[in-house]
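Below: one structure, written as structure tokens.
The values are calculated or read from the model by the stated rules, or taken from the named source; none is laboratory data. The model shown is predicted, which means the values in this text are computed figures rather than measured ones. We place every Cβ from the backbone using ideal geometry, glycine too, and count neighbours over all the protein chains shown.
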Protein chains: 2
Amino acid sequence: MGGDHGPSVVVPATLELLRSNPGVSAILVGDQAAVGEQLTRVPAEIKARCRVHHTTQVVGMDEAPAKALRGKKDSSMRVAVDLVKAGEAQACVSAGNTGALMATAHYVLKTMPGVDRPAIVTTLPSQTGHTLMLDLGANVNCSAENLLQFAVMGVEVARVLYDIAEPSVGLLNVGTEVLKGNQLVQDAASLLTASDLNYHGFVEGNDIYAGTTDVVVCDGFVGNVALKVTEGLATMISQFMREEFSRDLPSKAAALASTHVLKALRRRLDHRRYNGASLVGLQGVVVKSHGSSDIYAFRHAIQTAMVEAEHDVVGQIGGRLEQLLGHAA
Amino acid sequence: MGGDHGPSVVVPATLELLRSNPGVSAILVGDQAAVGEQLTRVPAEIKARCRVHHTTQVVGMDEAPAKALRGKKDSSMRVAVDLVKAGEAQACVSAGNTGALMATAHYVLKTMPGVDRPAIVTTLPSQTGHTLMLDLGANVNCSAENLLQFAVMGVEVARVLYDIAEPSVGLLNVGTEVLKGNQLVQDAASLLTASDLNYHGFVEGNDIYAGTTDVVVCDGFVGNVALKVTEGLATMISQFMREEFSRDLPSKAAALASTHVLKALRRRLDHRRYNGASLVGLQGVVVKSHGSSDIYAFRHAIQTAMVEAEHDVVGQIGGRLEQLLGHAA
């Protein structure tokens, strides 16, 4: 069990999920003693639905993915993915090293037929609800075919997670006019236009938060920058708000008078509600939680994995790809 | 005079600048009648320092750059750039069509020796002050050499605008580890490391707003997305704040009690203070104002142009390039 907090976050979050989902059971993969410590005073009914799978190794948060893959065959990460491969688990959730998780999942589970490369997708808030964006950094060099496949994956995730019949797809570009952008987006636009997806056309960075389309597709370099810019700007604005609301006595009084408004605002912008980035295009459900997640955030990541498994997102993506690309699933 | 508001914004902003800068004079390029309307009741001393240069054409905000370049030789945009070329003006400021302005400035003024492509640079706020970022969209396909040249331009603009002796440079990437990213950033990192610039290393999207470096360099595709994501997220957060502070009577009372704090916050995040993106790498100073700028914002763009001209940013960039690249200026 990785992430910054290990079992002290992962186990309570799992127990909470089990409590509200009677049909679900969990395998807690990690150091038996550390996990066991978190399992005292748990009602028998809940305990009956979770078992501990002891592992002896840990993948470091900064460890090179290739090194983790070669040398850490009894890490909680590797074993959790192996359990998905073996069909013992229907999904795997990890707060560990993203690169190592992607490398491990890619190696063990393999990509689906019709998928050249897996991608990372997450939900972001928007003015009209939310937007799914991919790829977020798994692929820093993409082909137009990769972007088309990402679009299919994003669409099926949006159908499964948000129950949208035919999610709209925007292709991230530097302008919305048809001639804008580089060769990659031009070629991808041709493929998307020729597909049976609900393709909207080019969108710009601001459209992610305007909610112009349900899904925004881009290469992993651009997607990673967009995501990190979001984190950086949100952090800066929060800091400025804290500073201004505590500058002097009248400002502190204003903060006090605004407690309920500021709380509602924080809830609305709470990134923990969007925690859980799915690794898609693999023959199995794998969800990556932010390393610094708390119980509330990690629970959201498990919930995402649970919904994806319940609705067979892997099968859905496979079916759509087969239909679209003529590949045998 | 372009932009969404034309002379009704450009002329009053110019007059304000002249009022506080006694040594400066202005050439107002546009339709004589429309400009003249804005010049009634102007003190004689100010009027003596501005003259109107009549033009008969206008470049549309959505007009194709190539078409504007070929067919609009008496547009305010073209004539203003021509005046810089002729040495009659030391800088040109426009709120018009960005693509057309870049194409016109590139064609008329030409790039500096040692510069393959001009770039667009702007200031963004950060937790520690501000960050200069380039390119913002002029170049959607860049080489490592382009990025090195952008770094030199950004550094000299930072020295001129913010009086920083040796501005630090970050190269935008998907992680800070040396092996991260695509070939472009790997190659650019080698060039930057070998240069005498104050090169910090890779930065991520969040570092723009953390203020990790004075200058952030990236290709125009990535920079444009980063800028537009910023606009979109800021708009969304503003909307959420407005909604929460007007949801019901207690929320409206909280807004009233917080008027001074919200005002201070708005001032701090006011994008108008950052209006004015410089077109750099050209043999002349050209600044692009946002199309929807008001008087306050446009004045800021003129101020930027004035400071760049006063401190000979073009000569500074030329000197640094010559020193760095061994080109004859």
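Structure values in brief
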item	result
For A:G291: the one exception among (1) under 19 Å from A:L28 (Cα atoms); (2) among the small types (G, A, S); (3) away from every other protein chain (no Cβ under 14 Å)	(3)
Number of positions in the stretch B:216-241 that are over 30 Å from B:E166 (Cβ atoms) and either of a type outside the set (A, V, I, L, M) or more than 9 Å from every other protein chain (Cβ to nearest Cβ) (or both)	7
Residue match in the stretch A:174-191 (condition: under 20 Å from the mean Cα position of the chain (by Cα) and modelled with pLDDT of 95 or more)	no
Filtered residue count, the stretch B:126-142, keeping only those that are surrounded by fewer than 22 Cβ atoms within 10 Å (Cβ to Cβ) and closer than 29 Å to A:Q183 by Cβ	2
Identity of the residue in the stretch B:20-52, in contact with a His (Cβ under 6 Å, 6 or more places away or on another chain) and of a type in the set (V, I, T), that ends up surrounded by the fewest Cβ atoms within 10 Å (Cβ to Cβ)	B:I27
Test: residue in the stretch B:175-190 that is in the same structural domain as B:G129 (by TED's automatic domain parsing) and in contact with a Cys (Cβ under 6 Å, 6 or more places away or on another chain)	no
The stretch B:75-97: number of residues that are of a type outside the set (A, V, I, L, M, F, W, C), touching a helix residue (DSSP H, G or I) at 6+ places or on another chain (Cβ under 9 Å), closer than 21 Å to B:V59 by Cα and in contact (Cβ under 8 Å) with a residue 24 or more places away in the chain	6
Considering residues of the stretch B:255-298 that are among the charged types (D, E, K, R) and surrounded by fewer than 24 Cβ atoms within 10 Å (Cβ to Cβ) only, the residue nearest to A:Q239 (Cα to Cα)	B:R268
Any pair with Cβ under 9 angstrom, 6 or more apart, that starts in the stretch A:144-166 at a residue that is in contact (Cβ under 8 Å) with a residue 40 or more places away in the chain and ends at one that is polar (S, T, N, Q) and in a helix (DSSP H, G or I)	A:A144/A:Q183; A:A144/A:Q186; A:A144/A:S190; A:E156/A:Q316; A:V157/A:Q316; A:R159/A:Q316; A:V160/A:Q316; A:L161/A:T304
In the stretch B:245-270, the residues that are in contact (Cβ under 8 Å) with a residue 12 or more places away in the chain and facing chain A (nearest Cβ under 7 Å)	B:F245, B:S258, B:R268, B:L269
Of residues in the stretch B:309-329 being of a type in the set (D, E, K, R) and closer than 19 Å to B:R117 by Cβ, the one modelled with the lowest pLDDT	B:E322
The lone exception for B:A151 - which of (1) surrounded by fewer than 17 Cβ atoms within 10 Å (Cβ to Cβ); (2) touching a Phe, Trp or Tyr at 6+ places or on another chain (Cβ under 8 Å); (3) more than 14 Å from every other protein chain (Cβ to nearest Cβ) it fails	(1)
Residue count for the stretch B:176-206, restricted to those that are without any contact (Cβ under 8 Å) to a residue 40 or more places away in the chain and more than 11 Å from chain A (Cβ to nearest Cβ)	7
B:E145, sole failed condition from (1) surrounded by fewer than 24 Cβ atoms within 10 Å (Cβ to Cβ); (2) within 17 Å of the chain's Cα centre (by Cα); (3) of a type outside the set (G, A, S)	(2)
Cβ-Cβ under 6 Å pairs, at least 6 apart or on other chains, the stretch B:98-125 side surrounded by fewer than 24 Cβ atoms within 10 Å (Cβ to Cβ) and modelled with pLDDT of 95 or more, far side part of a strand (DSSP E or B) and of a type in the set (G, A, S)	B:T122/B:A277
Count of the stretch A:53-67 residues which are within 14 Å of another protein chain (Cβ to nearest Cβ) and either under 18 Å from A:Y107 (Cα atoms) or buried (at least 20 other Cβ atoms within 10 Å of the Cβ) (or both)	5
Subset of the stretch A:97-143 (residues that are in a loop (DSSP other than H, G, I, E, B), polar (S, T, N, Q) and away from chain B (no Cβ under 11 Å))	A:N97, A:S143
Pairs with Cβ under 9 Å, 6+ apart, first in the stretch A:15-34 and acidic (D, E), second in a helix (DSSP H, G or I)	A:E16/A:I295; A:E16/A:Y296; A:E16/A:R299; A:E16/A:I302; A:D31/A:P7; A:D31/A:S76
Among (1) over 30 Å from A:P250 (Cβ atoms); (2) in contact with a Leu (Cβ under 9 Å, 6 or more places away or on another chain); (3) not aliphatic (A, V, I, L, M) - the single one B:F240 does not satisfy	(1)
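For (1) modelled with pLDDT under 90; (2) under 26 Å from B:A103 (Cα atoms); (3) facing chain A (nearest Cβ under 9 Å), each residue gets a yes or a no:
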residue: B:I208; (1), (2), (3): no, no, yes
residue: B:D214; (1), (2), (3): no, no, no
residue: B:E243; (1), (2), (3): no, no, yes
residue: B:R272; (1), (2), (3): yes, yes, no
residue: B:S278; (1), (2), (3): no, yes, no
residue: B:V286; (1), (2), (3): no, yes, no
residue: B:I302; (1), (2), (3): no, yes, no
